[in-house]
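Read the figures in this text as sums done on the coordinates, not as results from a lab. Here the structure is a predicted model, which is why all the values come from computation and not from measurement. Backbone-built Cβ (ideal geometry, glycine too); neighbour counts: all protein chains shown.
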Amino acid sequence: MTDDKAHGQEDLGTEESPNYVPTEEQSPAEDESSPVNLEEKKENGEWTSGPGDEDKKLEAPEATTTGTGQGTEFTPPEGGWGWIVMLSAMWCNGSVFGVQNACGVLFVVLVKEFGSDNDPQLMFKTALVNSLSMGMIFFCSPVVSIFTDMFGCRKTAVVGAGIAIIGLLSSSFVKSLGPLYFTYGILFACGCSFAYQPSLVILGHYFKKRLGIVNGIVTAGSSLFTVSLPFLLSFLLEEIGLYHTLRVLCILMFVLFLAGFTYKPLLPKNSNRRKKIFNFSIFKSKSYCIWAFGIPAALFGYFVPYVHLMKHVKERLGPDVREEVLLLCLGVTSGVGRLVFGRVADYIPGVKKVYLQVISFFLIGLMSMMIPLCNNFGSLIAVCLFMGLFDGCFICIMAPIAFELVGPENVSQAIGFLLGFMSVPMTAGPPFAGFLRDQLGSYDVAFYLAGVPPIIGGIILCLIPWIHERTINKKEKALDNEAEEKMMDTVASALTPGTAENSKKEDVSVI
């Protein structure tokens, strides 16, 4: 899940590093550069510390390993302290993306608070605040992956949550849209990014067989918050106003700050240290390259409904409609989709999990195109129910697919690069939709166009299983040829000494 750092000697990592394995402390007589047999450190199912500290037990459960040095095989404990980590990661997903997904409610208030009826670019400027915030969460991800590799999941997540608190709190004091671009769109979002990505990486330290369902539960956190926050925000905005509401949301970030301390890493280090800050070796995998291109291609219209659907409903059906119900529908079925499809993904072998994302993108695109065709609230509810279900499917299997494509050692930067690529379409989509609304007077064309990219992205992703299987077959064939050549060399070397001895015996007999 992490790449190794470039140092001269081999160790098992510090407690804060992403590769730390809880083991007994080495005695002064031990050579720190020598491999440690972790199996011998395990006693009665618990990990103990060094001499003088026999009564101390570590918080995290053991993670078994086989072998030492190169070729170490890491086996996650599939539970134990991992369940606490799962709950913390679930809160992270909820607090980060619950606020982002509820931006439609904030969008309406921002238009009233800072907008002017004489501004021809009002929707574009206002939508840029929320889209910039969502985009920056993913744009920072490649840098976050480096910090995660260098300093560990725990430190990265805690510092990120602290930055998010500062950004959200400072947003409650601004008086125009301009400063919000920085305080909310950049500072708050960057903090969320540093807190969010470690929550994906740390799960692979504790789970493998159950990783699909665990990711489903974790990502369902954002669904729970998406369901509840719109109603809470509507109440708070009406009772205490925008600025005090933003200060109340800081409580969510403070709990996230505390949750980051539970991210205790277990993944052991390999003897091969990481020599470069950016691990571009993952791009040698053709299947990963296609995945890293296809996902962003599908997301140009992904965030448009979350930002503009509330405003579209008010314009189409009137101001008396409870548009928060639509976010409730999106959140509920998204949570169901994450749990159901997360479990289904555990039964689908290898990269064939990608087909679930293909189906999701096709249906998400179709639902986006159907939004302008809905002339009553009931039909919009039906569309949001289906869109949320397959939105959950798409999100919950991102991490399991990354593990399949690049392996646990490289998954941190693989996810980081992917999220970074995703930032461009997710930032550009909503403002472009707002621009179309400003120019055309309605959101119809914007929603029609928002449905095209997911369908195109789904078509691209269909190539991944085929290319991945071809790559594996080529590698297996190369290994077979190499093994055959080695066997022939061994046979040849074994026959050569015997031939020489026979020739010597013949020479002696002739003499």
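When each of the peptides 140-149, 80-89 is scored by the mean number of other C-beta atoms lying within 10 Å of its residues, the order from highest to lowest reads 140-149, 80-89. Legend: distances between Cα atoms for K209/K286; K125/K286; K208/K286; K208/K477; K264/K311; pairs beyond 32 Å are K125/K286; K264/K311.
Here the Karplus curve 6.51 cos²θ - 1.76 cosθ + 1.60, taken at θ = phi - 60°, turns the phi angles of segment 202-213 into couplings of 5, 5, x, 6, 10, 9, 9, 5, 9, 4, x, 5 Hz, with x standing for Gly and Pro. Between V255 and L440, the simple label model (points 7 Å from Cα in the Cβ direction) yields a spacing of 4.0 nm.
Mind pulling the per residue volume of the convex hull built on the Cα atoms of segment 310-406? Å³ is fine.
85 Å³
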